[in-house]
Structure formats: structure tokens, C-alpha cells
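The values are calculated or read from the model by the stated rules, or taken from the named source; none is laboratory data. Just so you know, these numbers come straight off a predicted model, no measurement behind them. Using ideal geometry, Cβ is built from the backbone for each residue, glycine included, and neighbour counts are taken over all protein chains shown. The protein model used for the area step is the full one, side chains on, heavy atoms only, and it has no ligands, DNA or RNA in it. Shrake-Rupley method; radii C 1.70, N 1.55, O 1.52, S 1.80 Å.
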Amino acid sequence: MARVVIIGGSGHVGTYLVPRLVEAGHAVVNVTRGQRAPYQAHGAWKWVETVHIDRAAAESDDSFGTAIAALGGDVVIDMICFTLGSARHLVEALRGRVQHFLHCGTIWVYGHNAAVPATEDQPHNAFGAYGTQKAAIEAFLLGEARRAGFPATVFRPGHIVGPGWDPLNPAGHFNSAVFSQIARGEELLLPNFGLETVHHVHADDVAQLVTRAMANWSGSIGEAFNAVSPQAVNLRGYAEHMYRFFGHEPRLNYLPFEQWKTTQPDEEAQATWEHIARSPSHSIAKGQRLLGYQPRYSSLAAVEEAVTWLLANGRIDGAHAAR
């Protein structure tokens, strides 16, 4: 079994990935900035070594890569790299010292897709600072793998869902008040005709893909994999499903986006634009073929689990809901 170092292992994916790794017999080191607990308690965490490093501070004095290398990981999984400079710094420190390096990318390396579901070899067309930086990191890592033998794999999560946090909702942003409107059977206003898509993934399915990439080393080195559910959903279908989940017939209305955004807080309107401007819909065929990736959750099943948690924890006003 391997010694696995996870940078940022207490977040959404790490909540499920760390127990999977411990249960598989790996020695796990979680590198974290603070004392944040995972979203779901699990007995496996008592076997995890925790190392506290502030990445930004350590990168500023060029000590971060050295500190990670000193942990002696056979496998390093980087969940929180957001700039090309950070990636270069870490790769130089780990070159020749790790068997496998896995980077958490994002489906936002894609901007618009000319064909859907988008496969990993389609043009990225990334836009926005987050997407373009992640695309640059991915190109660098896969280039290092193919030209210099650095053992990198990239996995690209969609909109990560799980109990403990607000999922991307049918209006294309993260305000759980939308689920409260639906739970009460109130009308929901959607942008355009509600036909733009979003592509969720349960955090445990992302963790599954990571462990399968580790187990299929030869098939994953130098490759990127979409980590999403089997199908994307459009906003209208998503909303209709959630009305019926709460025991109501759908009550939807529509406005062109430029009018719709005037009815929303600026932050939420911008979040919706970021999602519908990309309208992600991605293929998992490559992960299925090379890694045996088989998501347990559809997009809607993952959201249902998250919404059930929100209800149980008083985050949704479902007083008039049928459920």
C-alpha cells in the first residue's frame, strides 16, 4: 500500500476520498491550513496524519514544495492548486520523488462546447480567470507527463454535490432559498427557456474516480478525466424534478436573461451567468473505458441527498412541502 499525501483533504471530495484511501490500506497524510473538520464524520479520520501548512504563506518563501516533498508521499493529490505558478513550484519539488501526482482540475477548463456531451479531447475554449488558469495548469501537467515523464493525472469535477453544503440549484446559483420556494410550491422564475445545462457530481463519485486512477496507474498517467454524473440536466428539467420531489406540480415562468437578472441580487445573477454561459455537459466514456469509473449517483439523486440534508438541518423552509 502507498503513503498518500492529500493537499486540502478536508474539503468536499476529501470527506469521501480520505475514508476510501484508509479503508484500502493506504497511509494518509492530510495537509491543511486550519482545523476544518470534514463535512461528514467517519472513523477513518483517526488514522490520518494531519500536517498544518498555509500554502500561500509557504509558497511566498518557496518552502511549500520542499515541505510537501519531505512528507515522503508515494502519491500526492493536490485538491487546491489554482495558479500555474503554484503547479510549477510543486512539480519541481516533487520531480523524481513521487510515483503518482493527481491534480483536481475542473470542467470549467471548457468554455462553450461545439458538441455535447464533451469528451476530454475537445477544445477547451476556457474563459474567466478560474477556467483559464485551470486550463493552463492542466496543459502544463499533461505536457510534463508526456514529455518529461512526470507521473501526472488530472481529474475534472463538475458541480460537486453532497450532504453538508448548498448544491447548485435550478436557478443556476447557490442560494438555498430557491429550494425553499420550490418546497412551498411557489413560482420560480428561470432565465431564458431554462434549457441551459448544469452537470453535477456527487463528491463520493469524484473520490471513486481518484482511487480508480490510482489503481490504474498505467492507464491514467498523462491523461485527464471528466468526473461528472452520467448525464447533465437542464435548468427546467431540474426545477420540475425538485417540485415533484416536494410533492408539487411545477410552477415555472421565464424571462430573457437580461431581464431575469434585474430580478436577482447581483452576486446570484453573476453566478447564474457563469454557469449558463458554459452550459456544461460532459462525457464519462473515457473514465469508464480506462478506469472502470461507474458513478453511483445521477445528478438528480445526488441533489436529492444534499437537499434532504438541508431540510433535516433547517436550511430549507419546507413547512408546506408534501414530503
Next on the checklist: Being within 25 Å of Met1 (Cβ to Cβ), of a type outside the set (A, V, I, L, M, F, W, C) and open to solvent by less than 40 Å² (accessible area, probe 1.4 Å) is the filter here; which residues of the range 27-58 pass it?
Outcome noted: Asn30, Thr32, Pro38
Item to check | Elements of type helices (runs of 4 or more DSSP H) contained in the range 46-153, each with 2 or more residues being farther than 26 Å from Val28 by Cβ | outcome: 84-94, 129-148
Item to check | Residue in the range 59-79 that is farthest from Thr211 (Cα to Cα), counting only those that are touching a Lys or Arg at 6+ places or on another chain (Cβ under 8 Å) and buried (at least 17 other Cβ atoms within 10 Å of the Cβ) | outcome: Phe64
Checklist entry - Looking at this structure, is His320 in contact with a helix residue (DSSP H, G or I) (Cβ under 8 Å, 6 or more places away or on another chain) and at pLDDT below 95? => result yes
Checklist entry - Applying the selection to the range 1-45, what residues are at pLDDT below 95, touching a helix residue (DSSP H, G or I) at 6+ places or on another chain (Cβ under 7 Å) and among the aliphatic types (A, V, I, L, M)? => result Ala44
Checklist outcome for this item: Across the range 170-198, the tally of residues that are open to solvent by less than 40 Å² (accessible area, probe 1.4 Å) and not in a loop (DSSP other than H, G, I, E, B) stands at 10
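Yes/no matrix, rows are residues, columns are (1) in a loop (DSSP other than H, G, I, E, B); (2) touching a strand residue (DSSP E or B) at 6+ places or on another chain (Cβ under 6 Å):
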| position | (1), (2) |
| --- | --- |
| Gly287 | no, yes |
| Gln294 | yes, no |
| Glu304 | no, no |
| Val307 | no, no |
| Gly314 | yes, no |
Item to check | Any chance Ile107 is under 30 Å from Glu196 (Cα atoms), open to solvent by 30 Å² or more (accessible area, probe 1.4 Å) and within 22 Å of the chain's Cα centre (by Cα) | outcome: no
